[in-house]
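Enquirer: After the structure tokens below, expect a handful of questions from me.
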């Protein structure tokens, strides 16, 4: 078990380009979360999957953002037509289905839009 | 809806001194409470959590926190600071089971240790 893995760790993109991030959760974890963390702030919830079903999306997740978890394992987060305000750390977390279990975070993908 | 307020965005303590990081929460139902630590350019690591039962919770690296319902607080303490404790600390709240248990974080407290 290597923990939650995120790829890439860093991404620099030009404004208007599309980017896609990948998250590989801990195997057998059926719950997966995406958070966004801007400089000097705490992480903010973006979206939540239970297996392959996306069960909740934050209002922060504009129509330029889309997340998938096609087989209930890894997940992708795509941002279309990136804006400078999208620059942030994108964190993925996973946890098991039992109550009181801990959410494990990946190291994050830092996005810089220039 | 739940929320968390962390008092003090920056805290400095001398090595060997008491560490006290403050967290107050707001929740319409009895919450679950967490403290996470984040080192530069890293993800978050769970220090400790309160769900039910004993209100004094012990975590990793010598940290502990006490859930005080009457004060809606969950302050983090460590008796003796170590240089390796320098990091960003986040208090978080979630609702009990039968929800998605997403975390709502405070804005964080940066802890600096003075040699």
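The values are calculated or read from the model by the stated rules, or taken from the named source; none is laboratory data. What you see is a predicted model, and the numbers here were worked out from it, not measured in a lab. Positions of Cβ are backbone-derived with ideal geometry, glycine not excepted, and every protein chain shown enters the neighbour counts.
Enquirer: So which residues in the stretch A:81-95 are surrounded by 15 or more Cβ atoms within 10 Å (Cβ to Cβ) and either away from chain B (no Cβ under 14 Å) or closer than 11 Å to residue A:31 by Cα (or both)?
Expert: Matches in the stretch A:81-95: A:82, A:86, A:87, A:92, A:93, A:94, A:95.
Enquirer: Next up: Kindly check whether there is at least one residue in the stretch B:42-63 that is within 12 Å of another protein chain (Cβ to nearest Cβ), assigned to a loop (DSSP other than H, G, I, E, B), within 22 Å of residue A:105 (Cβ to Cβ) and out of contact with any strand residue (DSSP E or B) (no Cβ under 7 Å at 6 or more places or on another chain).
Expert: yes
Enquirer: Select from the stretch A:96-109 the residues that are within 7 Å of chain B (Cβ to nearest Cβ) and under 16 Å from residue A:12 (Cα atoms) and list them in ascending order.
Expert: The one that is within 7 Å of chain B (Cβ to nearest Cβ) and under 16 Å from residue A:12 (Cα atoms): A:108.
Enquirer: Something else about it: Scan the stretch B:64-101 for residues that are without any contact (Cβ under 8 Å) to a residue 40 or more places away in the chain, farther than 23 Å from residue B:15 by Cβ, surrounded by fewer than 21 Cβ atoms within 10 Å (Cβ to Cβ) and touching a strand residue (DSSP E or B) at 6+ places or on another chain (Cβ under 6 Å) and jot them down.
Expert: B:66, B:100
Enquirer: Those residues that are within 14 Å of chain A (Cβ to nearest Cβ) and surrounded by 15 or more Cβ atoms within 10 Å (Cβ to Cβ), I need them from the stretch B:27-41; list them, please.
Expert: Residues satisfying the conditions are B:31, B:32, B:33, B:34, B:35, B:36, B:37, B:38.
Enquirer: Also: Find the residue count for the stretch B:3-29, including only residues that are touching a strand residue (DSSP E or B) at 6+ places or on another chain (Cβ under 8 Å) and farther than 16 Å from residue B:71 by Cβ.
Expert: Qualifying residue count for the region: 10.
Enquirer: Another question, if that's okay. Restricting attention to the stretch B:67-115, which residues are at pLDDT 95 or above, within 10 Å of chain A (Cβ to nearest Cβ) and not in a strand (DSSP E or B)?
Expert: B:106, B:107, B:108 - these are the residues of the stretch B:67-115 that are at pLDDT 95 or above, within 10 Å of chain A (Cβ to nearest Cβ) and not in a strand (DSSP E or B).
Enquirer: Something else now. Is it true that residue A:38 is over 18 Å from residue B:34 (Cβ atoms) and more than 11 Å from chain B (Cβ to nearest Cβ)?
Expert: Criteria not met by residue A:38.
Enquirer: Inside the stretch A:12-27, can you point out the residues that are more than 14 Å from the chain's Cα centre (by Cα) and either farther than 20 Å from residue A:49 by Cα or part of a strand (DSSP E or B) (or both)?
Expert: Selection gives A:12, A:13, A:14, A:15, A:16, A:17, A:18.
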